[in-house]
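Laboratory data are not the source of any read-out in this text; all were calculated from the coordinates shown. Keep in mind that what you see is a predicted model, and the values were worked out from it rather than measured. Using ideal geometry, Cβ is built from the backbone for each residue, glycine included, and neighbour counts are taken over all protein chains shown.
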Amino acid sequence: MNASLPPSTPQTLRQALARASADLNRQSPSPRVPDAVMSAMARPAATGHKHPRLRRFVWAGGALAALTLTLGEALLFMAPPAAMPPVQQELSTAFMPVGNTEHWSQLMTDAREPGHAWVVPTELPSESLAAMGLPYDPASAGQTVRAELLVHASGDVLAVRFVR
């Protein structure tokens, strides 16, 4: 395709393009080839299906989708199995105020408005039970106790309750 020219022969761009065009025209297929390709492509469309053996699988996708949908709906309407363990309810104390009582009453009136206080779950040292006047076992001093803090928007802890 690329004929090398002797280095001594100078060539203009027009001559080089004409030479490349002639080279490409010699390599192109005969005019019968595109016609044969087009007629071969049109033939399967005239017979109906490109692959007659696959005709039986045409509805398989739709049937599979319908079956999946039916099974999904059946699972939604089934009752949950009775073998599921019952949900245990958490036992908790009432909220007990923390800190200065004069300051606490003002913060509690502010906290009644929505968005001014949050309940934050946490774990506290078991010694905090004794500080609140609740029963405390000194043997479990290294353990933690689950609790919920009522926290004001300013960051002050208003109250605490212990959760079992």
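Some values worked out for this structure:
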| quantity | calculated |
| --- | --- |
| T109-R161 FRET efficiency (beta carbon distance; Förster radius 22 Å; 0.05 resolution) | 0.65 |
| S92 long-range amide H proximity, modeled H, under 5 Å | R164 |
